[in-house]
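The values are calculated or read from the model by the stated rules, or taken from the named source; none is laboratory data. Predicted model, so just to flag it, every value in this text is computed and none were measured. Cβ coordinates were reconstructed from backbone atoms using ideal geometry, including for glycine residues, and neighbour counts include every protein chain displayed. Heavy atoms of the whole protein, side chains included, go into the accessibility calculation; ligands, DNA and RNA do not. Shrake-Rupley method; radii C 1.70, N 1.55, O 1.52, S 1.80 Å.
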Amino acid sequence: MSITVVTGSASGIGAATRTRFEKEGAQVIGIDIKDAEIIADLSTKAGRESAIAGVKQHCGNSIDSFVACAGLATYVRPLSLIPSVNYFGAIDLLDGLFELLKQGRDPAAVVILSNAALWMPPDESPYVQALLNHDEDEAWRILTEYEEADGILLASGQAYMGSKFALGRALRHRASNWGRLGVRLNGVAPGNTDTPMLHKVLEDPNTGDGVRSMVIPLNRFGKSEEIAAVVYFLCSPEASYVHGSIVVVDGGIDANTRPDCF
Ligand code: NAD
């Protein structure tokens, strides 16, 4: 039986990913702050370390796939939680589980980004740079500066988009080495997907109208199962030559927003 580790497995896209892998016969080890095999707070370094130790305890020397799904959106306070969970909670586990993945069967990992990651301005952001430098304190400091300069609303958008943009870059930076060592690594960039996270964003008076007014060519929100299907495909041998890619699954929002960029 193949072993899949999923962060954020208790809710939304992570829960749908768990269900899909289980339906295909995999054993799933979930990591979350609640309702999971491994309870860990990925917003802290100690929580991330205990999650990695927990996987080693549950799985021994190898795992076959890893899906980094845990995340927080713009509504959380303090804003420092956004990079800590979205970026460090994904990257530290990717790197910490790499040796186990290397021992797996047709091993692959998928990181959940967001289509918003594709919309970052191309100029170098010090916040993104701090994330790529793996400097959590500096990323928090820069976010505080953004909050003081632009207000919490704009800063929360920068915190979220920047965390996902840095995650996409970090995964592409790893593609060369990981590929050479036999572990495939890809990203999935969902658009608005019907989960508890989206509901919180819709209920937030600061973000609800913006999200509701977004043009979605397929004319509806995505379902968690539709994201999980792509995640499952990317981890399966059917995707044996897909590596270092970021697959947008957003009902056409990105194509509508940026028709000339891909
Ligand atoms: P969700 O809120 O339904 O699920 C997120 C999960 O992450 C929860 O189970 C939560 O407990 C877990 N989590 C949060 N903080 C944690 C922490 N400190 N430690 C451990 N686990 C923690 O959200 P979702 O919509 O399923 O989001 C899943 C991923 O998809 C996120 O990375 C999110 O950024 C991304 N995403 C979602 C949407 C959307 O519209 N839903 C759009 C784009 C990207």
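Summary table below
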{"item": "Odd one out for Val215 among (1) in a loop (DSSP other than H, G, I, E, B); (2) surrounded by 16 or more Cβ atoms within 10 Å (Cβ to Cβ); (3) within 16 Å of the ligand (Cβ to nearest atom)", "result": "(2)"}
{"item": "Filter result for the condition that a residue is touching a residue at least 60 places away in the same chain (Cβ under 8 Å), aliphatic (A, V, I, L, M) and farther than 20 Å from Arg184 by Cα, over Leu97, Leu79", "result": "Leu79"}
{"item": "Some residue of the stretch 99-122 being charged (D, E, K, R) and over 20 Å from Ala68 (Cα atoms)", "result": "no"}
{"item": "Exclusive hit being over 28 Å from Ile63 (Cβ atoms) and either among the acidic types (Asp, Glu) or touching a Leu at 6+ places or on another chain (Cβ under 8 Å) (or both), set Glu147, Glu99", "result": "Glu147"}
{"item": "In the stretch 177-207, residue least open to solvent (accessible area, probe 1.4 Å) [restricted to those that are free of Cβ contacts under 8 Å to residues at least 12 places away in the same chain and either more than 17 Å from Ser114 (Cα to Cα) or outside any helix (DSSP H, G or I) (or both)]", "result": "Asn177"}
{"item": "Within the stretch 225-262, tally of residues that are hydroxyl-bearing (Ser, Thr, Tyr), in a loop (DSSP other than H, G, I, E, B) and either at pLDDT below 95 or under 15 Å from the mean Cα position of the chain (by Cα) (or both)", "result": "1"}
{"item": "Subset tally (residues that are hydroxyl-bearing (Ser, Thr, Tyr) and open to solvent by 30 Å² or more (accessible area, probe 1.4 Å)) for the stretch 7-51", "result": "4"}
